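One structure below.
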Amino acid sequence: MIKKILIANRGEIAVRIIRACREMGIETVAVYSEADKEALHTKLADEAFCIGPAPSSESYLSMEQIISATIVSGADAIHPGFGFLSENSKFAEFCEQCGITFIGPTSQVIARLGNKQIARNTMEAAGVPVIPGSRDPIYDAADGARAAGKIGYPVIVKAALGGGGKGMRVARDPGEFEQSFRMAQKEAQMAFGDGTMYIEHFVENPRHIEFQILADTQGNVVHLGERDCSIQRNHQKLIEESPCPALSVKLRKKMGETAVRAAKAAGYMNAGTIEFLLEKNGKFYFMEMNTRIQVEHPVTEWVTGIDLIKEQIRIASGCPLSFGQKEIQLKGHAIECRINAENPQKGFRPSPGTVTGVYFPGGNGVRVDTAVYSGYTIPPYYDSMIAKLIVWGQDRQEAIRRMRSALGEVIIEGVDTNIDYQYDILNHPDYQAGNIDIGFISVE
Ligand code: MV4
């Protein structure tokens with residue numbers, strides 16, 4: 001059994017994990033950078049170790065520092081949260097070699113799914129629908145152009161090690177292909193040190209739907225329904241909800257079963273997410289699988305009543321799932337708004353600084369996950385997301401109204417935020433009608 005967990009993260013997710021551990025009677029170890037001495041996670045954990053200077057590369061991304069802190073503290077497991085080292089197969093392998101439980105899938109599975117081109121082929125072989133595209137890796141523009149011609153335009157060139165929008169370019173016609181390919185490959189080479197590419201038909205204006213799955217070490221796999229994450233800007237999600245207003249019970253069942261099949265094909269263990277693109281006509285395609293807990297996990301927690309962080313810890317301890325697919329019922333509707341310290345009027349530029357005053361709403365059906373407190377100084381080194389506001393309603397309309405009411409109560413003084421921007425989206429007639437796709441926010 002796991003007795004002590006080191007949380008290799010910061011911010012609201014570190015706090016979220018500390019709280020789950022405390023409820024389970026598990027001791028907690030925080031790690032923090034020199035910029036995070038006064039951070040909430042540093043203060044809330046049972047123990048805290050400074051692991052280096054402010055830049056992530058020297059602290060939250062330092063495998064040596066984190067493994068050392070784990071050994072010195074006597075923790076038996078590491079929870080990586082999201083971002084940072086959460087999907088780094090080398091880090092998971094390092095943990096395995098040191099006899100530390102990495103709370104997530106095996107390093108081998110992380111590596112296989114981290115290569116999106118290999119993941120695509122794995123899924124296709126398992127009978128999971130994939131977007132028409134190239135089966136072999138592509139290294140040069142001429143081979144790419146031939147593959148694109150067979151697939152049919154428009155196409156999208158993607159980096160095998162990409163995801164989240166990096167190393168990706170659309171080519172609308174053959175004349176555009178070479179330029180798009182070169183740009184995507186250059187970006188991939190810079191970002192991942194690898195120029196392996198693959199090509200897919202470009203799906204116009206789909207919804208981004210993702211299924212949460214849980215898989216234990218005994219081979220049981222269940223899905224916990226979907227999240228609609230179509231409201232995003234520059235590949236940063238802004239609003240997520242569950243259930244997706246466009247899914248019928250029948251389509252949910254079909255996509256859910258496909259997600260379970262995908263997880264089984266990958267040899268998956270722990271919590272994971274299968275991302276799909278969904279077309280208006282109900283056709284859906286596997287896009288990628290994320291091997292971490294995600295920012296938007298609370299909406300799933302609220303409609304299923306399942307604590308995903310606790311389940312991750314139980315699974316990592318070797319416990320079988322305590323429920324089957326039939327026992328998972330979706331109830332009501334949950335929405336999450338990500339609150340960022342940024343200025344939408346100034347190109348969404350980050351707005352770090354001291355939060356001189358803060359008030360968050362509460363009340364029936366309102367949850368706030370944050371690590372911000374009055375007097376806290378948001379450092380400029382990390383992600384600008386400072387809070388998640390999550391609401392639950394009997395139905396989508398009640399959830400939207402509750403979110404508008406809750407957003408209207410939030411006060412954050414001293415830094416700029418995207419709260420008014422979120423409020424405007426919730427008031428948009430297309431959003432209210434559930435008429436959304438990944439093009440809802442057009443990017444300049
Ligand atoms: C696509 C696509 C359309 N067709 N692939 C964006 C991030 C990465 N996960 C893959 N992405 C996309 N892949 C094909 N074949 C459109 C996107 C995409 C997107 C996907 C989900 C949410 C927002 C998006 C915004 C722009 C593009």
(request) Of the options 44, 82, 197, report the single residue whose Cα projects farthest towards the positive end of the charge dipole of the chain (beta-carbon charges: Lys, Arg +1; Asp, Glu -1). (result) 197
(request) Determine the distance separating the Cα centre of the range 90-122 from the Cα centre of the range 15-69; give it in Å without decimals. (result) 22
(message) At 0.36 nm per residue, and after removing the present C-alpha to C-alpha distance, how many nm does the segment from residue 97 to residue 46 gain when stretched out fully?
(response) 15.8 nm
(request) Run through every distinct alpha carbon pair of the range 176-218 and return the Kirkwood hydrodynamic radius in angstroms, one decimal place. (result) 13.7
(message) Under 8 Å for C-alpha pairs, at least 6 residues apart: give me the relative contact order for the range 86-151, rounded to a whole percent.
(response) 22
(message) How high is the relative contact order of the range 179-262? Use alpha-carbon pairs under 8 Å, at least six apart in sequence, and give a whole percent.
(response) 20
(request) Take the alpha-carbon centre of the range 378-444, take the same for the range 193-265, and report the distance between them in whole Å. (result) 21
(request) Quick one: which residues, 5 or more positions from residue 386 or on another chain, have an amide H under 5 Å from its amide H? H modelled 1.01 Å from N in the peptide plane, none for Pro or chain starts. (result) 339, 340, 341
(request) Write down the Å³ per residue value for the convex hull defined by the alpha carbon atoms of the range 277-337. (result) 141
(request) Find the relative contact order for the chain and round it to a whole percent, using C-alpha pairs within less than 8 Å whose residues are 6+ positions apart. (result) 14
(request) At most 15 other Cβ atoms within 10 Å and a DSSP loop assignment: could you name the chymotrypsin sites (Phe, Trp or Tyr not before Pro) in the range 100-199 that fit? (result) 139
(request) Any chance you could run the full-extension gain for residue 249 through residue 143? It's 0.36 nm times the residue separation minus the Cα-Cα distance, nm to one decimal. (result) 33.9 nm
(request) Would you mind listing how long the range 390-444 runs along its three principal axes, going by Cα atoms, in whole Å with the largest first? (result) 36, 35, 15
(request) Give the long-range amide H neighbours of residue 77: residues separated by 5 or more places, or on another chain, with amide H under 5 Å away, using H modelled in the peptide plane at 1.01 Å from N. (result) 4, 6, 101
(message) Please give the charge dipole size of the chain, origin at the Cα centre, charges +1 on K and R Cβ atoms and -1 on D and E Cβ atoms. Round to the nearest 20 debye.
(response) 920
(request) Report P(r) for the chain: all Cα-Cα distances, bin width 10 Å, range 0 to the bin holding the largest distance, values in whole percent. (result) 4, 21, 31, 29, 14, 2, 0
(message) Just to be sure I understand: of the beta bridges DSSP finds with both ends in the chain, what percent are antiparallel, rounded to 5?
(response) 80
(request) Work out from phi, with θ = phi - 60° and the Karplus expression 6.51 cos²θ - 1.76 cosθ + 1.60, the ³J(HN,Hα) of each residue of the range 160-177, listed in order in whole Hz, and give x for Gly and Pro. (result) 4, 9, x, x, x, x, 7, x, 9, 9, 8, 10, 7, 8, x, x, 8, 4
(request) Pick out which of 308, 214, 330 has the largest mean-square fluctuation in a Gaussian network model of the chain, springs linking Cα atoms closer than 10 Å. (result) 330
(message) Of the candidates 209, 309, 100, which one comes out as most mobile in a Gaussian network treatment of the chain with C-alpha springs shorter than 10 Å?
(response) 100
(message) Please compute the Kirkwood hydrodynamic radius of the range 107-259 from all pairs of different C-alpha atoms, in Å with one decimal.
(response) 16.9
(request) Determine the dipole magnitude for the range 1-158: charges of +1 sit on the beta-carbon of Lys and Arg, -1 on that of Asp and Glu, nothing else is charged, the reference point is the Cα centre, and the result goes in debye to the nearest 20. (result) 560
(message) Positive end of the dipole of the range 1-135, charges at C-beta (+1 Lys, Arg; -1 Asp, Glu), about the Cα centre: which of 11, 73, 103 has its Cα farthest in that direction?
(response) 103
(request) Starting at the first residue of the range 81-97, write each ³J(HN,Hα) from the Karplus equation 6.51 cos²θ - 1.76 cosθ + 1.60 with θ = phi - 60°, in whole Hz, x for Gly and Pro. (result) x, 10, x, 6, 9, 4, 10, 9, 5, 5, 5, 4, 5, 4, 4, 4, 5
(message) List the pairs from 3/37; 158/237; 254/280; 116/254 whose alpha-carbon separation is above 18 Å, in the order I gave them.
(response) 3/37; 158/237; 116/254
(request) List, largest first, the extents of the alpha carbons of the range 318-444 along their principal axes, each in whole Å. (result) 48, 41, 28
(request) Treating only the Cβ atoms of Lys and Arg (+1) and Asp and Glu (-1) as charged, compute the dipole magnitude of the range 227-383 about its Cα centre; round to the nearest 20 debye. (result) 440
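Bear in mind these aren't lab numbers, they're just calculated from the coordinates by the rules spelled out. Please read all numbers here as calculations on a predicted model, not as lab measurements. Backbone-built Cβ (ideal geometry, glycine too); neighbour counts: all protein chains shown.
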